[in-house]
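K.L.:
Handing you this structure, nothing more for now.
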Amino acid sequence: MALTWPVVAAVLFGALLHAGWNAMVKSSTDKSLDTALIHLLGSVVAIPLVVVAGWPPASAWPYLVASLVIHVGYYTALAGAYRHGDLGLTYPLMRGTAPLLVALSATVTLSEHLSPLAWVGVVAVSAGVLVLGVGKHAFEAPKAVYFALANAVIIALYTVVDALGVRASGHALQYVATLFLLDGWPFALIVFLQRRTDFMPYARKRWPVALGGAIASLGSYGIALWAMTQAPVAIVAALRETSVLFAALLGVWLLKEVMTPRRVIGTCAILAGVMALRLA
């Protein structure tokens, strides 16, 4: 498998979508309800895709079931991280450490052995993400850090499981559509049972924004899973985390945030990492 420029462009676009839906969650007044609503609507959006693409073969279902269980933990930790800390801390921390864990685990589970230059690229992207997002006050919110680091492990786990699943399926759209069809219900049901008096009023008010987040989430992960059938999983996982760079650049452009030296260093590290991954 080789990383081509079309695959790079697709994954970078997916990273932009991923940054978008996470920003939507952070902008909400209730992180748990918003996360549940986005993925419940993602299940609805996936229905016509399943009708068109069909069900995955039997060989992919063990991975789908495992992924569904893992994703409940992911959504729980994600909502906890955003509840206790700022997006600028928690998002880079969980996304920046995950590619390294994926690269290490993919060596064993997928028998993917990266070249030295590819390892340089993975490390550079991860380091750049952490430099962009983790400032001197990062550890003033220890609960947020714990949730974010726990989610980094969960992200690495479901990334490898879904990579195995989509390759077993042989059809990225079948796999991701089925995953999203089934994935949104468990966490939404848990939140509904805990917050049943709040859920429907919040959904009626928030659903248009949440629908956009659902489409962005499905599109982002669908692109990533397709890319994992075209290129090594660790490389795709690292490229996907450039979403942190997009979030920082949008902050400078739209919110008039200052482009500090730390942001310049982080941006350069990520760009160097992307080039190293492409050339590896």
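K.L.:
List the residue pairs whose Cβ atoms are under 8 Å apart, where the first residue sits in the stretch 64-78 and is within 17 Å of GLN174 (Cβ to Cβ), the second is of a type outside the set (Gly, Ala, Ser) and surrounded by fewer than 19 Cβ atoms within 10 Å (Cβ to Cβ), and the two are 6 or more positions apart or on different chains.
P.N.:
Between residues of the stretch 64-78 that are within 17 Å of GLN174 (Cβ to Cβ) and residues that are of a type outside the set (Gly, Ala, Ser) and surrounded by fewer than 19 Cβ atoms within 10 Å (Cβ to Cβ), the close pairs are LEU64/LEU182; LEU68/LEU182; LEU68/PRO186.
K.L.:
Among what's in the stretch 10-47 and is outside any helix (DSSP H, G or I) and in contact (Cβ under 8 Å) with a residue 12 or more places away in the chain, pick the residue that is farthest from MET228 (Cα to Cα).
P.N.:
ASP30
K.L.:
So which of LEU277, LEU239 ends up being touching a helix residue (DSSP H, G or I) at 6+ places or on another chain (Cβ under 6 Å), within 29 Å of VAL50 (Cα to Cα) and in a helix (DSSP H, G or I)?
P.N.:
Of LEU277, LEU239, the one residue that is touching a helix residue (DSSP H, G or I) at 6+ places or on another chain (Cβ under 6 Å), within 29 Å of VAL50 (Cα to Cα) and in a helix (DSSP H, G or I) is LEU239.
K.L.:
Is it true that ARG167 is basic (Lys, Arg), within 25 Å of ALA231 (Cβ to Cβ), crowded, with 23+ Cβ neighbours inside 10 Å and out of contact with any Gly (no Cβ under 6 Å at 6 or more places or on another chain)?
P.N.:
no
K.L.:
Is at least one residue of the stretch 137-147 out of contact with any helix residue (DSSP H, G or I) (no Cβ under 7 Å at 6 or more places or on another chain), of a type outside the set (Lys, Arg) and closer than 19 Å to VAL72 by Cα?
P.N.:
Looking for residues that are out of contact with any helix residue (DSSP H, G or I) (no Cβ under 7 Å at 6 or more places or on another chain), of a type outside the set (Lys, Arg) and closer than 19 Å to VAL72 by Cα, one finds at least one in the stretch 137-147, hence yes.
K.L.:
While we're here: What's the number of the only condition in (1) farther than 20 Å from VAL166 by Cα; (2) within 21 Å of the chain's Cα centre (by Cα) that TRP226 fails to meet?
P.N.:
Here TRP226 clears every test but (1).
Per-residue answers, yes or no, for (1) closer than 22 Å to ILE70 by Cα; (2) of a type in the set (Gly, Ala, Ser); (3) part of a helix (DSSP H, G or I):
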| position | (1), (2), (3) |
| --- | --- |
| LEU173 | yes, no, yes |
| THR178 | yes, no, yes |
| LEU182 | yes, no, yes |
| PRO208 | no, no, yes |
| TYR221 | yes, no, yes |
| GLN230 | no, no, no |
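K.L.:
Of the residues that sit in the stretch 79-134 and are in contact (Cβ under 8 Å) with a residue 40 or more places away in the chain and assigned to a loop (DSSP other than H, G, I, E, B), which one is nearest to LEU249 (Cα to Cα)?
P.N.:
VAL134
K.L.:
OK, next. Do you know which residues across the stretch 178-189 are touching a Phe, Trp or Tyr at 6+ places or on another chain (Cβ under 9 Å) and among the hydrophobic types (A, V, I, L, M, F, W, C)?
P.N.:
LEU179, PHE180, PHE187, ALA188
K.L.:
Looking for something surrounded by 14 or more Cβ atoms within 10 Å (Cβ to Cβ) and over 16 Å from the mean Cα position of the chain (by Cα) - is there at least one such residue anywhere in the stretch 239-247?
P.N.:
There is no residue in the stretch 239-247 that is surrounded by 14 or more Cβ atoms within 10 Å (Cβ to Cβ) and over 16 Å from the mean Cα position of the chain (by Cα).
K.L.:
Which one of these is in contact (Cβ under 8 Å) with a residue 40 or more places away in the chain and farther than 27 Å from PRO62 by Cβ: ALA227, ALA269, ALA238, ALA214?
P.N.:
Matching residue, one of ALA227, ALA269, ALA238, ALA214: ALA269.
Taken together, the values in this text are just the output of simple stated rules run on the coordinates, not laboratory data. These numbers come from a predicted model, not from an experiment. Please note: Cβ atoms are built from the backbone with ideal geometry, for glycine as well, and neighbour counts cover all protein chains shown.
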